[in-house]
Each structure stands twice: as structure tokens, then as C-alpha cells.
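Below is one structure, written out as C-alpha cells, with a few remarks after it.
Where a number appears in this text, it was derived from the coordinates with a stated rule and is not lab data. Just so we're clear, the structure is a prediction, and the values are computed from it rather than from any experiment. Ideal geometry is used to build each Cβ from the backbone, glycine not excepted, and the neighbour counts take in all protein chains shown.
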Amino acid sequence: MSYVQRRKFLGAVLFALMALLAVAANATTLARMRFGELAHQATAVARLRCVGTQSFWEHGEIWTETRFAVVEQSKGSLPEFIRVRTIGGIVGNLHSRVEEVPTFRVGEEAYVFLWGRDGEPFRVLGWSQGTFRIRRDPRTGLETVTQDSAAVPVFDPGTRQFRHGGVRNLPLAVFQLKLERALEGERKQGQ
């Protein structure tokens, strides 16, 4: 093989490896968590109102910490304000986004299934699966809840397939009852 042929061959191999890395870097696969699993595995579940966000560099990654006011607690013991850390964000002109990681806007409310350890910011359990946005109809005042993961396919390990599912436009009172029953079922299992 001549020098030119070796160079072309190595260039093609390098290009193929870079393409594979790009595909792998953009892939995010979440294993489906059922509502009861979210309730059971969460260290806290609460209705939260976003009061601010801040992105920063840490260990070569961009992270965002969102500060929330706790509106209502369903599980766990939370102070009046909490911090939730998610990967991704915007620092200067750099934007980092990981699919299915929730982002929050100041003023919006959501039920969030949280996971955390003492002394550390909370994390969102199951990313988009643990985030349930609350929307109010301006005409009727009716509040509904929609799970972030309801719009995207999530891998179901039981069926080994990607499926759409989740909570969509559920009236808030019905969602609260569903949550109460899931947490009640967890308490009964713990006895």
C-alpha cells in the first residue's frame, strides 16, 4: 500500500470513528419508570415553583442549579427553598443540552420527583419522567398536569421496546389523587 493509499485509508477510518462517536454522544436512552416506581424511589416529591436558575462549569461540564420555592410537599421533608442540579445549561456563548434533562423557567410550577443526599443539591429522578408540568387554562382556571416524558418514546425493559406513555393533561385533582395512592401503596409495603 502506498503512502497516499494508507493516508486515505486512515482518514476514512478516522472519519468513521468520529461519526460513531457523534452518534453515541447524542444518544440518551431512559429506562421507563412507572409512576409507582417514581414515587417509591424518590426521596421527596413536591409541587415546586421555579424562582431562579444559574449555569456554571464544574469538572469540565456545564451544570444548572435551579432554585425552587416549595409550594406543597407530598413526600419527604423539605425546607422552604431547595436547589435542584441538572446537567447542561448556558455559560457565555456555550450551550450544553442533554436530551430528556428538564429545564425550568422562572415562575413555572411542576410536581417534581426528587432524589438527593444530605448536603447536596437534589436531582430530578428519571429526568423527564420525574417532571410533571402544571398548566392553568386562562379561560377556565383549570390546572392540568403533563409529564415531560409523555411526548417522547422511553425504553420499556419489560417489553424491550420504545413506547410513548405517561401522564397527559390530567386534571390536577386527579393527579394529586394518583400521587396520594402511589405514596399510600409505598407506605403499606414499608410496614
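Among the residues of segment 148-168, is any in contact with a strand residue (DSSP E or B) (Cβ under 7 Å, 6 or more places away or on another chain) and closer than 21 Å to THR53 by Cα?
yes
Restricting to segment 170-185, name every residue that is closer than 9 Å to ALA39 by Cα and small (Gly, Ala, Ser).
Listed by number, the list holds a single entry, ALA182.
What residue, of ARG123, ARG105, ARG117, is charged (D, E, K, R) and assigned to a strand (DSSP E or B)?
ARG123
Scan segment 163-184 residue by residue and report those that are exposed (fewer than 13 other Cβ atoms within 10 Å of the Cβ) and assigned to a helix (DSSP H, G or I).
ALA173, VAL174, LEU177, GLU180, GLU184 - these are the residues of segment 163-184 that are exposed (fewer than 13 other Cβ atoms within 10 Å of the Cβ) and assigned to a helix (DSSP H, G or I).
Does ALA110 fit the bill of being surrounded by 15 or more Cβ atoms within 10 Å (Cβ to Cβ) and in contact with a strand residue (DSSP E or B) (Cβ under 8 Å, 6 or more places away or on another chain)?
Judged against the criteria, ALA110 is a match.
Being surrounded by fewer than 20 Cβ atoms within 10 Å (Cβ to Cβ), touching a helix residue (DSSP H, G or I) at 6+ places or on another chain (Cβ under 8 Å) and free of Cβ contacts under 8 Å to residues at least 40 places away in the same chain is the filter here, so list the residues in segment 118-141 that pass it.
ARG133
Got a number for residues in segment 147-162 being within 17 Å of the chain's Cα centre (by Cα), outside any helix (DSSP H, G or I) and over 15 Å from LEU38 (Cβ atoms)?
3
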